[in-house]
Amino acid sequence: MPSGPRLQDWASSPAHLQFNRFVLGGYRPVTPLRGCVSSLFYLHNELGNIYTHGIPLLYFLFLMPAEIQWSQLSVPWLAVSHCLACVAPQLGSVLYHLFMSHEGGAPVYHTLLTIDMCGICLLNTLGALPIIYATLLCRPALRALALLSYATLSLWVVRQALAAVTTLGRLRCFLGPACFRLVLLLLRWCGLAWGSPSALPRYLAMDGLGALGGLINAGRIPERWFPGAFDYCLNSHQIMHLLVVASIYCLNRGVLDDLGWISVPRCPS
């Protein structure tokens with residue numbers, strides 16, 4: 001891989017980039033826009049974070065929509081919502097990690113962080129709409145109430161997540177929507193709600209992988225135990241990225257199952 005500019009250690013990097021004291025080296029120097037883009041082609045401590053979401057972004061942007069049977073959908077807006085939900089966090093993350101060393105400093109960094117958080121919030125909000133719709137398909141009034149309640153809760157989460165100053169604080173903001181989804185999945189498991197039977201384990205895997213990734217990232221594991229050993233590869237944030245991609249893939253497979261089930265519903269008479 002081509003060599004880039006001289007990299008910095010943790011102490012020499014700007015204060016707004018010193019958010020993980022266990023990653024000791026590999027920091028890009030402050031650079032203009034062109035320098036940020038050129039950092040795609042040399043090794044530094046954010047390169048893994050860029051590619052672990054950049055490569056999946058291409059799949060969710062170009063290949064995933066081709067897997068949807070658009071002509072057979074009875075509720076096309078659910079599929080559109082799902083596509084946006086899968087693309088938004090990947091795109092926000094790539095922009096954040098690629099341009100965080102921009103010469104604009106802390107103001108640019110916080111704008112990028114806001115974009116990244118908005119992508120996560122879109123996944124959290126739009127990604128759940130097909131789940132809610134399918135689960136309560138046979139109860140239209142309750143379905144409408146649940147969609148409205150979840151949307152309202154998600155708006156509150158966006159405000160709280162953008163105001164949070166720590167990774168753990170941001171993680172806590174998403175407990176409410178996660179509990180909301182868990183109740184719906186429990187209703188399915190108990191036979192009190194509906195949806196594709198094959199979607200349920202995929203949704204459970206989705207939330208489980210997402211929660212695990214968030215906890216690993218908040219705990220700074222494994223670099224907390226071996227500072228400096230995981231500067232470039234397999235630190236907590238990269239592990240979280242991989243688990244999040246797996247989580248979104250599980251969501252995708254579950255939603256595809258539910259979209260097919262909605263098209264030919266099996267509601268009790």
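The values are calculated or read from the model by the stated rules, or taken from the named source; none is laboratory data. On a predicted model such as this, the values are computed, not experimentally measured, just so you know. Because the Cβ atoms are built from the backbone with ideal geometry, glycine has one as well, and the counts that use them run over all protein chains shown.
Criterion first (touching a residue at least 12 places away in the same chain (Cβ under 8 Å), among the hydroxyl-bearing types (Ser, Thr, Tyr) and closer than 21 Å to Met117 by Cβ) does Ser39 satisfy it? Spelling it out, it is not the case that Ser39 is touching a residue at least 12 places away in the same chain (Cβ under 8 Å), among the hydroxyl-bearing types (Ser, Thr, Tyr) and closer than 21 Å to Met117 by Cβ. Of all residues in the stretch 50-73, those satisfying the criterion of being more than 17 Å from Gly254 (Cα to Cα) and either assigned to a loop (DSSP other than H, G, I, E, B) or within 13 Å of the chain's Cα centre (by Cα) (or both) are Thr52, His53, Gly54, Pro56, Leu57. Pairing residues of the stretch 89-106 that are part of a helix (DSSP H, G or I) with residues that are charged (D, E, K, R), at Cβ distances under 7 Å and at least 6 apart in sequence or on separate chains, gives Gly92/Asp116; Ser93/Asp116; Tyr96/Asp116; His97/Glu46.
Suppose we keep only residues that are closer than 19 Å to Thr111 by Cα and among the small types (Gly, Ala, Ser) within the stretch 134-164. Which one would you say is surrounded by the most Cβ atoms within 10 Å (Cβ to Cβ)? Among those residues, the one meeting the criterion is Ala161.
Pairs meeting the criteria (first residue in the stretch 172-199 and of a type outside the set (A, V, I, L, M, F, W, C), second residue crowded, with 17+ Cβ neighbours inside 10 Å and in a loop (DSSP other than H, G, I, E, B), beta carbons under 6 Å, at least 6 apart or on different chains) are Arg181/Ala128; Arg188/Gly195.
Residues that are within 17 Å of Ile120 (Cα to Cα), modelled with pLDDT of 85 or more and assigned to a loop (DSSP other than H, G, I, E, B) within the stretch 165-198 comprise just one, Phe174. Of the residues making up the stretch 122-132, one or more are at pLDDT 95 or above, farther than 27 Å from Ala163 by Cα and not hydrophobic (A, V, I, L, M, F, W, C). Do the conditions hold for Leu78, that is, is it touching a Pro at 6+ places or on another chain (Cβ under 6 Å), surrounded by 14 or more Cβ atoms within 10 Å (Cβ to Cβ), under 15 Å from Leu251 (Cα atoms) and in contact (Cβ under 8 Å) with a residue 40 or more places away in the chain? Against the criterion (touching a Pro at 6+ places or on another chain (Cβ under 6 Å), surrounded by 14 or more Cβ atoms within 10 Å (Cβ to Cβ), under 15 Å from Leu251 (Cα atoms) and in contact (Cβ under 8 Å) with a residue 40 or more places away in the chain), Leu78 qualifies. Scanning the stretch 21-49 for residues that are more than 20 Å from Thr111 (Cβ to Cβ), among the polar types (S, T, N, Q) and within 24 Å of the chain's Cα centre (by Cα) yields one hit, Asn45.
If you go through the stretch 208-231 and pick out every residue that is surrounded by fewer than 17 Cβ atoms within 10 Å (Cβ to Cβ) and not hydrophobic (A, V, I, L, M, F, W, C), you end up with 6.
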